[in-house]
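Please treat every number below as a calculation from the coordinates, not as lab data. Being a predicted model, the structure only gives us computed values, none of them experimental. Cβ coordinates were reconstructed from backbone atoms using ideal geometry, including for glycine residues, and neighbour counts include every protein chain displayed.
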Amino acid sequence: MRSVIKNIIVFVAAWLMIANIQAQTIEPAVSVSQDTNVIRLGEQVTITVNVITNASDTVVLPQFKDTVTEHIEVAEVLPPDTSYDDENITIKEFTQKIKVTSFDSGVWVMPPVPVVVNGDTLQSDPLMIIVQSVDADTTKPIKPIVAPYQVHLTFLEWLKLYWYWIALGVGIILLIIGVIYYLKNRKTETVEEEKEPEIPLDEQIWSRINTLEQQKLWQSGNYKEYYSQISEILRFLLEKTLYFNALELPTTDIVKHLRYQGLDNAKLQQIKHILTVSDLAKYAKEQPIASENEMVLVQLKNIVKDLLEEYNKQLEIQKQKEETQKNTNSETK
């Protein structure tokens with residue numbers, strides 16, 4: 001029975017204590033303090049913001065920017081610290097430190113710090129900061145500007161400082177040496193391109209004439225194509241055997257060129273006749289009679305035969321000269 005009564009008394013006492021604590025609510029308050037109120041230009045003042053509220057209150061601390069006023073600048077904002085009262089856990093305390101500085105001499109006012117508690121804005125008291133300039137001693141002479149001091153590095157210090165660039169330079173030099181060595185010592189395989197055997201001029205021209213005969217162009221009424229091929233075969237022959245650009249020249253210029261070369265008059269007239277008839281058939285749409293078509297082909301064959309015979313003679317003479325020169329050079333050596 002005594003144990004039951006004791007437990008009831010303890011329970012009632014605890015309940016009364018909790019009720020008493022919960023009933024102790026406080027009015028939120030904001031205060032600020034500073035570690036000093038007198039600084040020199042560029043020195044810092046540490047300002048401490050304290051906010052005491054109930055634990056259940058919603059608190060929004062201010063967001064400090066780079067400048068507080070025209071003359072006061074924020075140097076550093078430290079993170080806020082939260083703690084509870086040792087005797088009453090329903091009381092919460094926020095503490096935040098801000099370091100400010102100034103580069104203008106004078107007396108400056110730190111404006112009130114606003115803190116929002118449960119939607120209401122509370123403000124601290126303003127602070128005064130006295131900023132003093134640095135006094136120059138006018139009794140002493142003005143000292144000259146000191147030149148930069150040259151620090152002499154040891155070899156190891158210099159190596160530690162510039163090792164990257166040294167390694168890079170050595171690597172580039174080794175790479176260049178390696179490339180030069182490779183280019184000098186590589187084995188170049190000379191691959192000779194297989195040249196297609198050159199078809200002799202005789203075979204080229206006679207093959208084209210035979211093909212022309214087999215086509216029977218003029219017999220089927222295709223006079224233009226027939227004479228185009230005859231003209232091209234003759235011009236190709238003149239260009240290869242007499243060494244001038246006959247394929248690109250008009251008929252009159254070809255005749256002039258042949259006359260200056262001293263070509264036999266009979267051959268010259270035959271060439272002129274073939275080219276003239278060919279021009280008429282190609283450009284004036286002339287349709288020569290059958291005998292004319294056959295005669296032009298016969299004339300072409302005769303000219304081909306004569307010019308190729310002379311051309312081959314000249315090749316043989318040139319070949320003999322080269323052989324003689326080669327033998328002479330061999331004997332001289």
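Values computed for the structure shown
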{"read-out": "Given charges at Cβ of Lys, Arg, Asp, Glu: the chain dipole, positive-most of 101, 175, 150", "value": "175"}
{"read-out": "Mean separation of Cα contacts under 8 Å, 6 or more apart, over the residue count of the chain: relative contact order %", "value": "11"}
{"read-out": "Counted charge near residue 33, where neighbours are those whose Cβ lies closer than 11 Å (Asp, Glu -1; Lys, Arg +1)", "value": "-1"}
{"read-out": "Rounded to the nearest 20 debye, dipole of the chain from Cβ charges on Lys, Arg, Asp, Glu", "value": "1120"}
{"read-out": "Helix-only CD estimate at 222 nm, as mean residue ellipticity for the chain, using -39500 (n - 2.57) per DSSP H run (n ≥ 4)", "value": "-17000 deg cm²/dmol"}
{"read-out": "Protection-proxy order for peptides 165-172, 282-289, 101-108, each taking the mean of Cβ atoms within 10 Å per residue, highest first", "value": "101-108, 282-289, 165-172"}
{"read-out": "Exposure proxy order (Cβ contacts within 10 Å, fewest to most) of 115, 59", "value": "59, 115"}
{"read-out": "Segments 36-46, 231-241 sorted - mean Cβ within 10 Å per residue, highest first", "value": "231-241, 36-46"}
{"read-out": "Cα shape, region 240-284, gyration tensor, a/c 1.5 rule", "value": "oblate"}
{"read-out": "Largest to smallest principal axis extent of the C-alpha atoms in region 141-283, angstrom", "value": "117, 52, 35"}
{"read-out": "Helical segments meeting 15 Å axial Cα length and Kyte-Doolittle 0.5 threshold in the chain (DSSP H)", "value": "2-23, 155-185"}
{"read-out": "Net charge of Cβ neighbours under 14 Å - reference residue 204; Lys, Arg +1; Asp, Glu -1", "value": "-3"}
{"read-out": "Top positive-direction residue, dipole computed over the chain with Cβ charges, set 67, 122, 276", "value": "276"}
{"read-out": "For 228, 220, order by how many other beta-carbon atoms lie within 10 Å, fewest first", "value": "220, 228"}
{"read-out": "Gyration tensor (alpha-carbon) shape descriptor, region 195-278, a/c threshold 1.5", "value": "oblate"}
{"read-out": "Rounded FRET efficiency, nearest 0.05, which uses the C-beta distance separating residue 67 from residue 322 and R0 of 56 Å", "value": "0.05"}
{"read-out": "Alpha-carbon centroids, region 41-59 and region 309-333: separation in whole Å", "value": "113"}
{"read-out": "Cα-based equivalent ellipsoid of region 245-333: semi-axis lengths in Å, sorted from largest, via gyration tensor", "value": "39, 14, 11"}
{"read-out": "Mean Cβ neighbour count within 10 Å, used as a protection proxy, ranking 271-278, 79-86, 66-73 highest first", "value": "271-278, 66-73, 79-86"}
{"read-out": "Cα gyration tensor shape of region 26-132, rounded if a/c is under 1.5, else prolate or oblate by comparing a/b with b/c", "value": "prolate"}
{"read-out": "Convex hull of the chain built on C-alpha atoms - directionally averaged projected area, nm²", "value": "63.8"}
